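Peer 1: Pasting a structure here, questions to come.
The values are calculated or read from the model by the stated rules, or taken from the named source; none is laboratory data. The structure displayed is predicted, hence computed values, not measured ones. Please note: Cβ atoms are built from the backbone with ideal geometry, for glycine as well, and neighbour counts cover all protein chains shown.
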């Protein structure tokens, strides 16, 4: 195989594709590699960790077609250090690849390509839709942080993507908090509902282009395809809890306050939180204030109040401060609304005037 | 080695495969697979993703086939299926740190995607009392011989009486009895949106096919189809198709088929053509039983005194009862012990309807207004029919809802004897039990008085 590729394009392509290569060493060595395929339909880079897979097109000229697999980490280090513009040449001979540019040349050992798995694509998709990649990215990245890091319950380690009635939404929960992001899409989208492992979803959306992406779904997997490439992931096939039933409809007290006040106070108070990261939040109805307080027997204690418009009954709840801080960076609104449904029941955080995002967090035991 | 034991066979295969391929290959491809079943000489191997399926078929099929043939010639073929996540072995994770944040009650809200049923609703958790005995029997009879005994089964009753629970229990039980048949639960509203969606996308045929394949179709809240002619027509055709093929259909509604306004006569006729049962108001014993059972399900043991108190003091639907119970359960979780009667009384205050003391004059004027008669005529000594009934209702309400004494009622309503009042109250009480129309009227009046 002999190919010529523009430096910048190759380095970008490698950094995108390397994300999908296996990072653990105990498995098949070739899974830690990127396969470069030069054939009739151009040059393609492939990688897979058997959970997700990518097939990515790059521009360039083929002098001699062929296939080769190279270790992803080394290749990324090499391409990451490219400077300036110009083309590079990849030449495959025996069990090495010669990478040469105008400035220098290096040879790289190849991996056994024969072991490289084929990427499965949904042959007979049961559902299919097209969405701009940027929207899929916003949806997934907004909620994915709330998915559970443990795989004991696969559905909670996943992001739910579903569409109904012209609205596409993404949901994730680790059973302590839950985030939901909705986007209204123009035109009609057939209703669907899929569960993508959160880790895979994050890798995938960071690779998608901003333009339209076609999503093909079958029972066990889903593929995101655009003119420049295709990404696949395994789907989680266990049922997702009907989370809408958990969202309280009635509230004991509600407060509206400035996001920057909330953020700053929370950060200061969190310094004094205990080993459980506990911060108390009180709705002071009469004083029209929200009070934060925390106490750590080793550090000290702190309390402060911020002005807010508060309605309803006074109530005091304790939270893990990380769970409270998490949604702040995911919202654009200047003002936040906090709605408490009672002792031992979830608190809802929303941006004022922003109906697309909802964050629900459970309090700590008192 | 026992050839028909999937586990032993797989262990044997692994030892053989390990000899023929590289350790890296073996670790990557064979660690998480297993034989699921052996049927008619076909060995089914469960793998974890489409990647594995592809790779097995392309690279290991001959090898595996050779190994199993060596074990026994009766193995004809190997097939690969992708196993669902739930079936896979999960690593046991021990969480050392006790998580102080409470968990969302997600476990209660799993809904099976293929049939929409909530597994929480079963006959086991359904409290049967005299108020829903008939409905319960009809439901059980209907699934004994589905499509034949009672088709369609139409269950109606006021909100919060357990209709949804009962019809979902039918679905869940049916699934258990006939694992190979298809069940689907939906609300009439979902049916409508599904239909409009399919029209917009031009997949109306797929929509029809989808609904016609079910062996048991359960539709909740059909009263919402009122005035929606297109949906009714679609349901009518769907109904005919299912009915002609002896598929069981179950409907629920908040009122009897005859009382659903603006619904096509032919659809109404079909609702009535099978079995129509209602779920009435739960009696006291059932309410106490419900409180006990629901509390026990959340792991809270309530004393008899407390459960009785909750059942008697929370008027209204079972849903309200559950709301109160949830707060009791929450209290128990926070404090560690179930609340005693004083605490329950305290917390119930927020649930009970305020201002139970209302002037007799206010009640009289509201009820007179409701029946469209002169307020003065109530106090007069007239026995005109149109006045007598409202007067009796007033007495009944004053007695039942506001616990005004019999002599006071008589006194305030134009100096009547207390025995007259007792007679009137008893009469209305009797009639309420029999006459649904009157019961409805009194409900309406109560909402006026709140």
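Peer 1: Hey, any hits in region A:63-76 for a residue that's in contact with a strand residue (DSSP E or B) (Cβ under 6 Å, 6 or more places away or on another chain), farther than 30 Å from residue B:50 by Cβ and not in a loop (DSSP other than H, G, I, E, B)?
Peer 2: Yes, there is a match, as at least one residue in region A:63-76 is in contact with a strand residue (DSSP E or B) (Cβ under 6 Å, 6 or more places away or on another chain), farther than 30 Å from residue B:50 by Cβ and not in a loop (DSSP other than H, G, I, E, B).
Peer 1: Pull up region A:6-47, narrow it to residues that are in a helix (DSSP H, G or I) and within 14 Å of chain B (Cβ to nearest Cβ), then point me to the one that is surrounded by the most Cβ atoms within 10 Å (Cβ to Cβ).
Peer 2: Restricting to residues being in a helix (DSSP H, G or I) and within 14 Å of chain B (Cβ to nearest Cβ), the top hit is A:30.
Peer 1: Select from region B:399-422 the residues that are surrounded by fewer than 14 Cβ atoms within 10 Å (Cβ to Cβ) and under 42 Å from the mean Cα position of the chain (by Cα) and write down the one among them that is modelled with the highest pLDDT.
Peer 2: Among those residues, the one meeting the criterion is B:405.
Peer 1: Of A:316, A:219, A:304, which residue is surrounded by fewer than 17 Cβ atoms within 10 Å (Cβ to Cβ) and under 26 Å from residue B:53 (Cβ atoms)?
Peer 2: When all the criteria are applied, what remains is A:219.
Peer 1: Of the residues in region B:28-61, how many are within 14 Å of chain A (Cβ to nearest Cβ) and assigned to a strand (DSSP E or B)?
Peer 2: The qualifying residues number 2.
Peer 1: Next question, about the same structure. Mind counting the residues in region A:101-120 that are surrounded by 14 or more Cβ atoms within 10 Å (Cβ to Cβ) and over 20 Å from residue A:18 (Cα atoms)?
Peer 2: Going through region A:101-120 one residue at a time, the tally reaches 1.
Peer 1: Pick out, from region B:236-336, the helices (runs of 4 or more DSSP H) lying fully within it that include 3 or more residues that are in contact (Cβ under 8 Å) with a residue 24 or more places away in the chain, surrounded by fewer than 16 Cβ atoms within 10 Å (Cβ to Cβ) and over 18 Å from the mean Cα position of the chain (by Cα).
Peer 2: B:304-313
Peer 1: Out of the residues in region B:106-118 meeting the condition of being part of a loop (DSSP other than H, G, I, E, B) and loosely packed, with under 15 Cβ neighbours inside 10 Å, tell me which one is modelled with the lowest pLDDT.
Peer 2: B:113
Peer 1: Looking at region A:239-278 only, could you name the residues that are at pLDDT 90 or above, over 16 Å from residue A:325 (Cα atoms), within 14 Å of chain B (Cβ to nearest Cβ) and not in a loop (DSSP other than H, G, I, E, B)?
Peer 2: A:253
Peer 1: Give the number of residues within region B:187-216 that are surrounded by fewer than 20 Cβ atoms within 10 Å (Cβ to Cβ) and closer than 28 Å to residue B:318 by Cβ.
Peer 2: The qualifying residues number 5.
Peer 1: Take the residues of region A:279-288 that are assigned to a loop (DSSP other than H, G, I, E, B) and either touching a strand residue (DSSP E or B) at 6+ places or on another chain (Cβ under 7 Å) or under 15 Å from residue A:339 (Cα atoms) (or both): which is farthest from the other protein chains (Cβ to nearest Cβ)?
Peer 2: Taking the candidates together, the pick is A:288.
Peer 1: Oh, and also: Read through the list (1) under 29 Å from residue A:6 (Cβ atoms); (2) surrounded by fewer than 16 Cβ atoms within 10 Å (Cβ to Cβ), then give the number of the only condition that residue A:136 fails.
Peer 2: (2)
Peer 1: Enumerate the helices (runs of 4 or more DSSP H) found wholly within region B:126-223, keeping only those where 3 or more residues are under 20 Å from residue B:272 (Cα atoms) and in contact (Cβ under 8 Å) with a residue 12 or more places away in the chain.
Peer 2: Those helices (runs of 4 or more DSSP H) span B:133-144, B:163-177.
Peer 1: Return yes or no: is residue A:50 under 30 Å from residue A:194 (Cα atoms), surrounded by 14 or more Cβ atoms within 10 Å (Cβ to Cβ), without any contact (Cβ under 8 Å) to a residue 24 or more places away in the chain and touching a strand residue (DSSP E or B) at 6+ places or on another chain (Cβ under 9 Å)?
Peer 2: no
Residue-wise test of (1) touching a residue at least 40 places away in the same chain (Cβ under 8 Å); (2) within 17 Å of residue B:104 (Cα to Cα); (3) under 28 Å from the mean Cα position of the chain (by Cα).
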| residue | (1), (2), (3) |
| --- | --- |
| A:272 | no, no, no |
| A:276 | yes, no, yes |
| A:312 | yes, no, no |
| A:325 | yes, no, yes |
| A:333 | yes, no, yes |
| A:354 | no, no, yes |
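Peer 1: Follow-up question, since we're still on this one. Consider residue B:157 carefully, then state whether it is modelled with pLDDT under 85, closer than 16 Å to residue B:251 by Cα and in contact with a strand residue (DSSP E or B) (Cβ under 8 Å, 6 or more places away or on another chain).
Peer 2: No, not satisfied.
Peer 1: Okay, moving on. Test residue B:67 against the stated conditions and say whether it is surrounded by 14 or more Cβ atoms within 10 Å (Cβ to Cβ), more than 14 Å from chain A (Cβ to nearest Cβ), assigned to a helix (DSSP H, G or I) and at pLDDT 50 or above.
Peer 2: Yes: the conditions hold for residue B:67.
Peer 1: Quick one: would you say residue B:279 is closer than 26 Å to residue A:164 by Cβ, more than 14 Å from chain A (Cβ to nearest Cβ) and touching a helix residue (DSSP H, G or I) at 6+ places or on another chain (Cβ under 6 Å)?
Peer 2: no
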